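Any read-out appearing in this document is the output of simple, stated calculations on the displayed coordinates, not a laboratory observation. These numbers come from a predicted model, not from an experiment. Using ideal geometry, Cβ is built from the backbone for each residue, glycine included, and neighbour counts are taken over all protein chains shown.
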Amino acid sequence: MDDGFTTRLAAGQALTLAAARAPRRLQVTHGRLWLTLRGGGADHWLDAGEGLTLAAGREAVVEGWPTAAFQLLQPAPQRRPAPARGLTLAGA
């Protein structure tokens, strides 16, 4: 079943995840995934149920070992609190 949110990688298939303005969470849903960050950093091996937060501005390359599926989650937009309205109490 294709849910539109899960990316599946076949054996030997690699994918570049472009840098984004905001941090993102990569969550492995099936199999085993190899991930390396562009510009340095250690390689990461993630199994189903594991994840990693990609910092803003970081590009990564992922590959299934031998196959994998993952979701790339973006944080929910931050809501600004509504401005406080001046309340007056009756009889005050």
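What area, in nm² and to one decimal, does the C-alpha convex hull of the stretch 6-73 cast on average over all directions?
Working: hull surface 15.3 nm².
Across all orientations, the stretch 6-73 yields a mean hull projection of 3.8 nm².
Is any residue of the stretch 31-49 close enough, with backbone N under 15 Å, to a label point placed 7 angstrom from the Cα of residue 13 along the Cα-Cβ axis, and if so, which?
The answer is 31-34.
Taking amide H positions as placed 1.01 Å from N in the peptide plane, with prolines and chain starts having none, which residues 5 or more places from residue 17, or on another chain, fall under 5 Å of its amide H?
60, 61, 62
Residue by residue, what Karplus-based ³J(HN,Hα) values in Hz, rounded to whole numbers, does the stretch 52-61 have, using 6.51, -1.76 and 1.60 with θ = phi - 60° and x for Gly and Pro?
For the stretch 52-61, the Karplus curve yields 8, 8, 8, 5, 4, x, 9, 9, 9, 10 Hz.
Enumerate the calculated ³J(HN,Hα) couplings along the stretch 46-51 in order (Karplus 6.51 cos²θ - 1.76 cosθ + 1.60, θ = phi - 60°), each rounded to whole Hz, writing x wherever the residue is Gly or Pro.
After applying 6.51 cos²θ - 1.76 cosθ + 1.60, I find 10, 9, 3, x, 9, x Hz.
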